[in-house]
Every structure is written in C-alpha cells, then in structure tokens.
Amino acid sequence: TAFAKTEQLGLADKFHNAVRLGTSPIVRALFDFDGGMDMVRELDDITFSEWFTQLGGARGSLDRMWDPIAYALGFIDCDHISARAMLTIFMLFAIRTEASVLRMLDGSPQTG
C-alpha cells in the first residue's frame, strides 16, 4: 500500500499507522459499510489527532503524513478536524476506489 511504501515515515511510524488503521472503522466498512459508518458517527466529538493517538499512533505520523493529506483534501489540520470527517473520507476512498492510490505520498511530482 501507499502507506507502507512512503519514505515520509520511518518503520516504527509505519507499524503504528498499520495498527491504528487496522483497528479503525474503515476495516469494518469493507465488510459492513453501515456498521462502519455507525462507528464513525460516534467520533464527531474528538479530533482526528485524539483518535489516532489513542491506540498508539505517533505525532510524527500526524505531522509528516496526516496533516498534509488533510490539507490536500481542503481540510484543516488533524488537531482541529473531527475524527468523523477524516475517517468518513478515508472510508469512502477504501470502498469506492483503489485505496492504495494516494499519489501525494510519493512526494513532489517530478518535472522534466
């Protein structure tokens, strides 16, 4: 996946991202969309940063990867956006498109 291949994160951050995303409502939504959405709806009162760090997600991952993703989607930073908003978008990406295609994780586009 794009998260595993990006050079923006070290091995420890990649591991913690995998654990956090693997325990997220996104995984449930792959098999039970309505159940995953019910879980996400309950996360409107905490920020994405709070949700991400609850089970071991690292601040470095938020700074180097998640904040830039939020900005690219036209959102505010992860300390101010609700977990519900970010996870809803990622759930829709996972369900409706090829989830591993996050080209921005490859770094800046090459010109030439």
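Taking Lys and Arg as +1 and Asp and Glu as -1, the other residues whose beta-carbon sits under 15 Å from that of residue 83 total -4. Sorting 68-80, 44-56 by their mean Cβ neighbour count within 10 Å, with the most densely packed peptide first, gives 44-56, 68-80. Size of the stretch 37-99: Rg and Dmax of its alpha carbons, in Å, are 11.2, 29.
Using equal-weight Cα scatterers in the Debye expression, the normalised intensity of the stretch 1-58 in log10 at q = 0.15, 0.18, 0.26, 0.27 Å⁻¹ is -0.49, -0.68, -1.07, -1.09.
Every number in this text was worked out from the coordinates using simple rules, so none of it is lab data. Nothing here was measured: the structure is a model prediction, and the numbers come from that model. Because the Cβ atoms are built from the backbone with ideal geometry, glycine has one as well, and the counts that use them run over all protein chains shown.
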